[in-house]
Structures are given as structure tokens and as C-alpha cells.
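Below is one structure. I have some questions about it.
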Amino acid sequence: MKDTCRLYTDLAWLWPLWGDAATEYAHYCEHVTSMIGRYAERPAVDLLVIGCGGGKNVLNLKRDFKVTGLDLSADMLAQAKVLNPECTFVRGDMRTFRLHRSFDAVLMDDAITHMNTRPDFLAAFRTAHAHLKPGGVLVVTPDVTMETFQQNRTTTATATRNGLEVVFMENVYDPDPSDEQFETTIVYLIRDQGSLRIERDHWTMGIFSLNTWREVLCETGFRVHEGFYRSCEDEYTVFTCVKGR
Ligand SMILES: C[S@@+](CC[C@H](N)C(=O)[O-])C[C@H]1O[C@@H](n2cnc3c(N)ncnc32)[C@H](O)[C@@H]1O
């Protein structure tokens, strides 16, 4: 099936409904701030969020940092700007962009899962490295690894706002566990004043073993610290990666 990526284009208006920015993202962002505080070898003032999407993480992180967000999608960036008018947002591809300025810290969150080949995965980390000052840190959290992937896992979320009721049904499936890709399929049930519209979306995403993560981060030139972040149901590995001086 062809990749559609509608959540970042014509259906991007649904993103603000999928998880409340102020509550659901706050705990993870506190963890990111504490990892930066623990490992940065310089004062951490300027933060670059790569793959900032609709700016939900930015909303929480701007309390502690001066944030710049980068994303490929103009529609997602427009939302990020509405939520965070005081922050700077730039459109670019995490594999190739160069802002020609550097930061004290970089966050790469769920967007890294869109790197679905080894060269793209490596290129994204090279981008993060290129945008860090010496002694700065990259925090990166795999959404999924080969060790944590659950075949055919299906999750649902619901949202209600201004007469609109939306159900998000997300399924992950790996047709070939011997390669480094899996599929995410989303069905959206959108009821506007009771009238039902059904839409669907599909992505080919990247999945790598923890050892591949460790190797690629070291190969990029980082000193890597490994820890965990626990949300109510799941536990994630968090890599805090220091750029040497
Ligand atoms: C799930 S959203 C991120 C949401 C974000 N964590 C937030 O706080 O709102 C994933 C984002 O990755 C972005 N993305 C995918 N491929 C990208 C690339 N090659 N370069 C930059 N951004 C990319 C998409 O445009 C999308 O906005």
C-alpha cells in the first residue's frame, strides 16, 4: 500500500485533537529537561526540536529553553506556530537541512520513526550532531525498537470538540521482521454534528534494534548515555548523547 501521510497534510487539522498538549506531553518533556540538565556540558539555553510537528512538545519545553522547531510539513508547522507564537519555526528535512547555527541541545522525538532506511536514519543523526555546540546534548527516544515492537498492536483514542467527535484507530504491523521497516495504518472516524466520515492513512516506518541505535549514535560521534522513560503503560529507552568538545 502506498504511503499517504495525510495526518501531516490534508488531515493535519486533526492533530491538535489527538492527545492534549498541556497534559499528555508534559511528563515526557520534564524528563527531557532533566536529561539535558544532567548530561549537558554547557549551559543549556537554546533547544532545537527536530520533527516538532504541531508543537506539543515545544509548548512544554519553552518554559525551560529558547526553542526553535523544525519540520517537513507546512501544515504541522502552522499549528506549532499557533500554539507557540513566540518560538521560531523552520521548514526542512531532517536528513539534509543545515541552519548554519548551533544549539545547546537537540530533541528528536517520535518523528525519527519516519526514517525508514539505514542511510536516512544515519543522516538524521548527522543533522542533529551538526547543529550542536561542543558539550551540547541530543535527547532521542525510539517510539519502537525491534525489542519492543508488538505485532498487530492496535490502539484507539477518542476526542470531542465543538460538535466534532473523532476516533483514531492505529495499527502497527511488520510484514517482514527480517528487514528494518514496519507499517502504521490509521483509520479516522470523524463525526461532525453526527454525520460520519471515514478516512485512512498509511506509513512505512523504520524499526531498528537497540544495538543498531547504539552503533549509529556512536558512529555519528556521540558519547551515549542510556536510560528509561516510563509512561503509564509503556517504557521507552532514552538516549542522551553528548557531542564531544
Ligand atoms: C507525530 S508528528 C510529531 C509531533 C510532535 N512530537 C509534537 O510535539 O507535536 C511527526 C512529525 O515528523 C515530521 N517529519 C516526518 N519526516 C520528516 C523529515 N524527513 N524531516 C522533518 N520532519 C519530518 C512530520 O512532518 C510530522 O510533523
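Select from S231, S209, S102 the residue whose mean-square fluctuation is largest in a Gaussian network model of the chain (Cα-Cα springs shorter than 10 Å).
Per the Cα network of the chain with a 10 Å cutoff, S231 tops the list.
Give the distance, in whole Å, between the Cα centre of segment 178-193 and the Cα centre of segment 23-54.
28
Please report the net charge: other residues with Cβ closer than 12 Å to the Cβ of D20, K and R +1, D and E -1.
The answer is +1.
Averaging sequence separations of C-alpha pairs under 8 Å and six or more residues apart, then dividing by the length of the chain, give the relative contact order as a whole percent.
19
From the phi of every residue in segment 82-97, what ³J(HN,Hα) in whole Hz does the Karplus formula 6.51 cos²θ - 1.76 cosθ + 1.60 yield, where θ is phi - 60° and glycine or proline is x?
Once rounded to whole Hz, the list reads 5, 6, 9, x, 7, 9, 9, 10, 10, 8, x, 9, 4, 7, 10, 5.
With Cβ to Cβ distances under 13 Å as the rule, what net charge do the other residues near G54 carry (K, R +1; D, E -1)?
Around G54, the charge tally is -4.
Which of these, R95, R153, R161, has the largest mean-square fluctuation under a Gaussian network model of the chain (Cα springs below 10 Å)?
R161
Quick one: what are the phi-derived ³J(HN,Hα) couplings along segment 62-69, Karplus 6.51/-1.76/1.60 with θ = phi - 60°, whole Hz, x for glycine and proline?
Ordered by residue, 3J(HN,Hα) equals 5, 5, 10, 9, 8, 9, 10, x Hz.
Roughly how many whole Å is it from the C-alpha centroid of segment 114-137 to that of segment 72-90?
What the calculation gives is 21 Å, centre to centre.
What does the net charge come to around G221 if you take all other residues with beta carbon closer than 15 Å to its beta carbon, with K and R at +1 and D and E at -1?
After counting each charged neighbour, the total is +3.
Residue-wise, which Karplus ³J(HN,Hα) couplings in Hz belong to segment 160-172, taking 6.51 cos²θ - 1.76 cosθ + 1.60, θ = phi - 60°, and x for glycine or proline?
With the stated coefficients, segment 160-172 comes to 10, 7, 6, x, 9, 10, 10, 10, 9, 10, 10, 10, 10 Hz.
Something else now. What percent of all Cα-Cα pairs in segment 146-195 falls into each 10 Å bin, going from 0 up to the bin containing the maximum distance?
24, 38, 22, 14, 3
Same structure again: Rounded to the nearest 5, what is the percent of antiparallel bridges among the DSSP beta bridges in the chain?
Just about 70 percent of them are antiparallel.
Throughout, read-outs are computed from the coordinates displayed, never taken from laboratory work. Computed from a prediction, not measured in an experiment: that's the story for all the values here. Neighbour counts are summed over all protein chains in view; Cβ atoms, including those assigned to glycine, are modelled from backbone coordinates with ideal geometry.
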